[in-house]
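The values are calculated or read from the model by the stated rules, or taken from the named source; none is laboratory data. None of the values given here were measured: they were computed from a predicted structure. So basically every Cβ, Gly included, is an ideal-geometry build from the backbone, and we count neighbours across all protein chains shown. The protein model used for the area step is the full one, side chains on, heavy atoms only, and it has no ligands, DNA or RNA in it. Shrake-Rupley method; radii C 1.70, N 1.55, O 1.52, S 1.80 Å.
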Amino acid sequence: MSYCKEEGKDKIVFLTPEDLQKPSTVTFPTEDEPPGLMLPNGEINWECPCLGGMATGPCGVEFREAFSCFHYSTTEPKGSDCFDSFKAMQDCMSNYPTLYGNDEKPGEEEEEATKNESDESAPKDSSSEVKSKT
């Protein structure tokens, strides 16, 4: 004879050998596949981990406006009508450099610009100079 006993939050089920002979009738709820960036109704899933929390930070409103504008944009090139939204998001993010800072170390942009300038002023084909001297 099988019976159940509850102890606090736990439920203990004692089964007889006859009960164990029968196939189980327990069914588990099916796990729905978690939604991605887009919800089944076509709306943007702002809770998607793929957005990295950008939709909820201090510039979340600006991010959502810019992202929505780009996503639903029908202009060519896509998102060209969203400049103001992205500018507002960029302005907001510049107010939080520790949170939204870039990955470059300070001064890398200047070094890169200097390097590019020196590369542009260097002769493009040094082999032609060598040939003309011989």
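Restricting the range 7-50 to residues that are in contact with a strand residue (DSSP E or B) (Cβ under 7 Å, 6 or more places away or on another chain) and more than 27 Å from E65 (Cα to Cα), which is least open to solvent (accessible area, probe 1.4 Å)? Selected residue: I12. Taken together, the residues in the range 51-79 that are open to solvent by 60 Å² or more (accessible area, probe 1.4 Å) and in contact (Cβ under 8 Å) with a residue 24 or more places away in the chain amount to 3.
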